[in-house]
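The values are calculated or read from the model by the stated rules, or taken from the named source; none is laboratory data. Note that the structure is predicted; figures quoted are calculated from it, not measured. Cβ placement follows ideal geometry from the backbone for every residue including glycine, while neighbour counts extend to all protein chains displayed. The area values use the complete protein model at the heavy-atom level, side chains included, leaving out ligands, DNA and RNA. Shrake-Rupley method; radii C 1.70, N 1.55, O 1.52, S 1.80 Å.
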Amino acid sequence: VYRGSVKEFPGFDASQDAEALYNAMKGFGSDKEAILDLITSRSNKQRVEICQAYKSLYGKDLIADLKYELTGKFERLIVSLMRPPAYSDAKEIKDAIGGIGTDEKCLIEILASRTNQEIHDLVAAYKDAYERDLEADIVGDTSGHFKKMLVVLLQGTREEDDVVSEDLVEQDAKDLLEAGELKWGTDEAQFIYILGRRSKQHLRLVFDEYLKISGKPIERSIRGELSGDFEKLMLAVVKCVRSTAEYFAERLYKAMKGMGTRDNTLIRIMVSRSEIDMLDIREVFRTKYEKSLYNMIKEDTSGEYKKALLKLCGGDDDAAGEFFPEAAQVAYRMWELSAVAKVELRGTIQPTESFNDDGDAQVLRKAMKGLGTDEGAIIEVLTQRSNAQRQQILKAYKAHYGRDLMADLKSELSGSLAKLILGLMLTPAQYDAKQLKKAVEGAGTDESVLIEIMATRNNHEIAAINDAYQEAYHKRLEDDLSSDTSGHFKRILVSLALGNRDEGPENLTQAHEDAKKLADVSSNDSSDSLETRFLSILCTRSYPHLRRVFQEFIKMTNHDVEHAIRKRMSGDVRDAFLAIVRSVKNKPAFFADKLYKSMKGVGTDERTLTRIMISRSEIDLLNIRGEFMDLFDKSLYHMIEKDTSGDYCKALLALCGGED
């Protein structure tokens, strides 16, 4: 099936087109609209024929004329369309290594994503156009493992058979694990050999196997084990193996998001994929970024340049918002895998080995006595003890000095640091209870806090929160939630506050039924509204079971359940259901996303930052750090460092641990 956006023009006549272009360019000024309309509605093969016809009709070089008539980005785009794909690639690479400095990103993108045949054509085109040897030029311009891997890719000898040997898959996964994670230092040659030579089909299974035996995706190991351009190249190879369309969707998104547009990248991808997989790229883009590629180009570019890019894009997917079968199946497989990977949840804070509660109490007292406060000493002790140990320090402090440590800390510290340190001194249940109380009392209600806590805590945690709430405020949590919220949102919270979620394994027959219930919009039985159906399943079934339900849902509807929730609900009800779904799919990723949002943009949402760092530090903060890196290509540590300051920053970094 052809998945490009640019099709052959029916009734094509090269001479007629050549004449039309000649007329559009003759005289004063040129008819850019006519030029772009014609060129973007012909296939590359047809454009090459137009160039030949132009030369025989006028004795002139069409590309040279276009360069003369047009300017800027629009010119680059149009001229790029006129070259055969291999010559386009050759020109891009020539530009990337010519001149001062090397554009490694361009080299990586082209060499990691092209098929064997495309690589062979590129090498030949380079030789033909520049009378130079591409491999020699790249070797002269790069170094180290980066150079070695580029040379391997340049051979265009990736295996292409679809017959996969299970033994070899297991062996390769084991070799990669032993070459990286299990080794002091890294055996890069192993990575180069396996990722550079094996077929895509084979490597996909190797990555699945790797996740099974190591508990982490191969990308995360590559980030940890390799560095610099070599790391970027290997990540690009892995992405292209998993899904070339997704790799390009991500490159396009990054080329346009934020300030300024990377036009080189935008032009290169839009031109090179327009006759290969633009439709797939558009669909992945729509699913992944919740907006269409078409709209993003429209917002991000202007003039004739914009018009031409939109023609290459070929259509706007926002109207449909459909999850096409292929992407649905990719999503489905990623879940299948995440279900079998033995992901161990790990916090960043471990109990201290040689713990001495009275010694700690003395250090703290000394830090607060007399004039001034030694915040550093307080941070050092309290962020490096487990919560249980901090509870013992509270008792030891009272026994030794007859004073209340909480009251002392409160009077000595202030601002964000005080909130963080005092939060660490409460038990997890007391801390959650306090956050919930704050969210419901006073004028408005902070629904996002209610959702974050109630949607992500397990039965055991919810039971402890209920007790802590009762003890601290002499009221039932359920009553406060009820009197402060209303409608379906209230019913969701009340159901979650029971801490009565089933804890068993999945039940396939039941999962199928549940998915049907969620998928069945048309049911006219008004007594059982959509929200009620979602509530009765999302708030009561076990996590493993819900994972299966979500998979069945994709199978039935070709939609992710999140998409259905967004489409059919709104406000707090929508947000609560989305939080439950995300928490079921991947809880660390849910928190990573919240942390990122608390810091990106202008200003920092310190309350959210503090709350998550405290409440996850002993549960899964290490996993959150890993997901953060995967999702945002930044380490949580560096983002906190950049976004906060002073002792507050110091304390957060101590909780965060490592820089990833």
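Check segment 76-99 and report whether any residue there is modelled with pLDDT of 95 or more, within 31 Å of the chain's Cα centre (by Cα) and over 30 Å from residue 139 (Cβ atoms).
yes
Can you tell me which residues in segment 590-644 are of a type in the set (Asp, Glu) and part of a helix (DSSP H, G or I)?
593, 606, 627, 630, 641, 643
Only one residue in 181, 231 is part of a helix (DSSP H, G or I), under 22 Å from residue 659 (Cα atoms) and not assigned by the TED database to the domain that holds residue 147, so which one is that?
Just a single option satisfies the conditions, and that option is 231.
Going by what's in this entry, would residue 248 be described as at pLDDT 95 or above and farther than 24 Å from residue 161 by Cβ?
Criteria met by residue 248.
Those residues that are farther than 30 Å from residue 86 by Cβ and among the small types (Gly, Ala, Ser), I need them from segment 138-181; list them, please.
Answer for segment 138-181, where residues must be farther than 30 Å from residue 86 by Cβ and among the small types (Gly, Ala, Ser): 165, 173, 179, 180.
Restricting to segment 127-162, name every residue that is among the hydroxyl-bearing types (Ser, Thr, Tyr), assigned to a loop (DSSP other than H, G, I, E, B) and open to solvent by 30 Å² or more (accessible area, probe 1.4 Å).
Of everything in segment 127-162, those that are among the hydroxyl-bearing types (Ser, Thr, Tyr), assigned to a loop (DSSP other than H, G, I, E, B) and open to solvent by 30 Å² or more (accessible area, probe 1.4 Å) turn out to be 143, 157.
Every residue in segment 57-74 that is open to solvent by 40 Å² or more (accessible area, probe 1.4 Å) and either part of a helix (DSSP H, G or I) or modelled with pLDDT under 95 (or both), please.
57, 58, 64, 67, 68, 69, 71, 72, 73
If you scan segment 357-373, which residues turn out to be of a type in the set (S, T, N, Q) and either closer than 15 Å to residue 411 by Cα or outside any helix (DSSP H, G or I) (or both)?
373
To keep it simple, each residue is scored yes or no on (1) within 16 Å of the chain's Cα centre (by Cα); (2) surrounded by 19 or more Cβ atoms within 10 Å (Cβ to Cβ).
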site: 209; (1), (2): no, yes
site: 213; (1), (2): no, no
site: 223; (1), (2): yes, yes
site: 228; (1), (2): no, no
site: 252; (1), (2): yes, yes
site: 266; (1), (2): no, yes
site: 284; (1), (2): yes, yes
site: 299; (1), (2): no, no
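Of all residues in segment 106-126, which are of a type in the set (Ser, Thr, Tyr) and either open to solvent by less than 30 Å² (accessible area, probe 1.4 Å) or in the same structural domain as residue 225 (by the TED database) (or both)?
Those that are of a type in the set (Ser, Thr, Tyr) and either open to solvent by less than 30 Å² (accessible area, probe 1.4 Å) or in the same structural domain as residue 225 (by the TED database) (or both): 113, 126.
Go through segment 279-305 and give me each residue that's out of contact with any helix residue (DSSP H, G or I) (no Cβ under 7 Å at 6 or more places or on another chain) and under 26 Å from residue 96 (Cα atoms).
302, the sole residue that qualifies.
Need pairs with beta-carbon distance below 6 Å; first residue in a loop (DSSP other than H, G, I, E, B) and within segment 493-505, second not polar (S, T, N, Q); sequence gap 6+ or separate chains.
Note: pairs meeting the criteria are 499/462; 499/463; 502/541; 505/544.
What pairs can you find where one residue is in segment 41-55 and in contact (Cβ under 8 Å) with a residue 40 or more places away in the chain, the other is open to solvent by less than 10 Å² (accessible area, probe 1.4 Å), and their Cβ atoms are less than 8 Å apart, with a gap of 6+ or different chains?
41/6; 43/6; 44/6; 44/81
This table checks each residue for (1) in a loop (DSSP other than H, G, I, E, B); (2) out of contact with any strand residue (DSSP E or B) (no Cβ under 8 Å at 6 or more places or on another chain); (3) surrounded by fewer than 20 Cβ atoms within 10 Å (Cβ to Cβ).
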position	(1), (2), (3)
535	no, yes, no
541	yes, yes, no
545	no, yes, no
548	no, yes, no
554	no, yes, no
563	no, yes, yes
566	no, yes, yes
